[in-house]
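Okay, structure first, notes after.
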Amino acid sequence: MALLHGGCHCGNVAVQVQLSQPCGSYRPRVCDCGFCRKHAAAYLSDPHGSLLLHVRETVQLGSYRQGSGAAEMLVCRTCGVLLGAVCRDGDTVYGVVNSRVLEAPEGFGAEQDVSPQRLSREEKLQRWRQLWFARVTLAAAD
C-alpha cells in the first residue's frame, strides 16, 4: 500500500491518497476532452483505496460540470489547479485525483489515453463505479 500527499499550488487544498498497490502499477488516464487537455490532467484512482481532500477555504474550491454533467471537476479558485473530480451516486461519492498534484517519488506507470466523452452518461457512471475511489472524504477547515 502507498500513502501519497499533494495538493494545489497555493496550499488551499491538500490531497491524501491511499493506494492498495505500489505506485508503479497504476497508469494515470489522460482524458481527451477539451477541459482536461487544457488542464493537462492525468487521472488516478483505486476502487480499493481512499481519497481525502482537505480544504482550508471552501469558498475557494470551485466545481465545474461539463460534458454529461455527471462529474464535478474540482478546481482551486485561487491558483487554478485542477485537483480531480467527484461523482455523487446515491449515498456514495466516487472520486478521481489528478496524478500531477501528488508527490509520488516512485512515479506511476505509463499514462494511457481514454475517451469518456464517447460514452453515454450511464456508461460513464458504470465505469466510474468500477474504477474510481469509493471512499472519498471532502473535509473543510472553515
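The values are calculated or read from the model by the stated rules, or taken from the named source; none is laboratory data. Since we're looking at a predicted model, the values are computed, not measured. With ideal geometry, Cβ positions are generated from the backbone for all residues, glycine too; neighbour counts draw on all protein chains shown.
Computed quantities for the displayed model
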item: Scope region 1-21; condition at pLDDT below 95 and either among the β-branched types (Val, Ile, Thr) or assigned to a loop (DSSP other than H, G, I, E, B) (or both); matching residues; result: Met1
item: Subset of region 71-113 (residues that are buried (at least 19 other Cβ atoms within 10 Å of the Cβ), more than 19 Å from Leu4 (Cα to Cα) and not β-branched (Val, Ile, Thr)); result: Ala71, Met73, Cys76
item: Any hit, region 22-33, residues being without any contact (Cβ under 8 Å) to a residue 24 or more places away in the chain, surrounded by fewer than 15 Cβ atoms within 10 Å (Cβ to Cβ) and of a type in the set (D, E, K, R); result: no
item: Failed item, numbered, when Ser63 is tested on (1) of a type outside the set (A, V, I, L, M, F, W, C); (2) assigned to a loop (DSSP other than H, G, I, E, B); (3) without any contact (Cβ under 8 Å) to a residue 24 or more places away in the chain; result: (2)
item: Selected residue [of a type in the set (Val, Ile, Thr) and in contact with a strand residue (DSSP E or B) (Cβ under 7 Å, 6 or more places away or on another chain)] from Val55, Val59; result: Val55
item: Yes/no for Glu122 being free of Cβ contacts under 8 Å to residues at least 60 places away in the same chain, out of contact with any helix residue (DSSP H, G or I) (no Cβ under 7 Å at 6 or more places or on another chain) and either more than 20 Å from His9 (Cα to Cα) or not small (Gly, Ala, Ser) (or both); result: yes
item: Scan of region 22-36 for residues that are under 13 Å from the mean Cα position of the chain (by Cα) and not in a loop (DSSP other than H, G, I, E, B), ordered by number; result: Arg29, Val30, Cys31, Cys36
item: Qualifying residue in region 37-50 (condition: more than 13 Å from the chain's Cα centre (by Cα), in contact (Cβ under 8 Å) with a residue 40 or more places away in the chain and surrounded by 15 or more Cβ atoms within 10 Å (Cβ to Cβ)); result: no
item: Residue check, Val136 in contact with a Cys (Cβ under 7 Å, 6 or more places away or on another chain), closer than 26 Å to Cys10 by Cβ and either hydrophobic (A, V, I, L, M, F, W, C) or buried (at least 18 other Cβ atoms within 10 Å of the Cβ) (or both); result: no
item: Number of the condition not met by Gly84 [criteria: (1) assigned to a loop (DSSP other than H, G, I, E, B); (2) at pLDDT 90 or above; (3) of a type in the set (Gly, Ala, Ser)]; result: (1)
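Listed here are the residues, each with its yes/no results for (1) in contact with a Pro (Cβ under 6 Å, 6 or more places away or on another chain); (2) at pLDDT 95 or above; (3) assigned to a strand (DSSP E or B).
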site: Leu53; (1), (2), (3): no, yes, yes
site: Cys79; (1), (2), (3): no, yes, no
site: Arg88; (1), (2), (3): no, no, yes
site: Gly107; (1), (2), (3): no, no, no
site: Asp113; (1), (2), (3): no, no, yes
site: Gln117; (1), (2), (3): no, no, no
site: Leu125; (1), (2), (3): no, no, no
site: Val136; (1), (2), (3): no, yes, yes
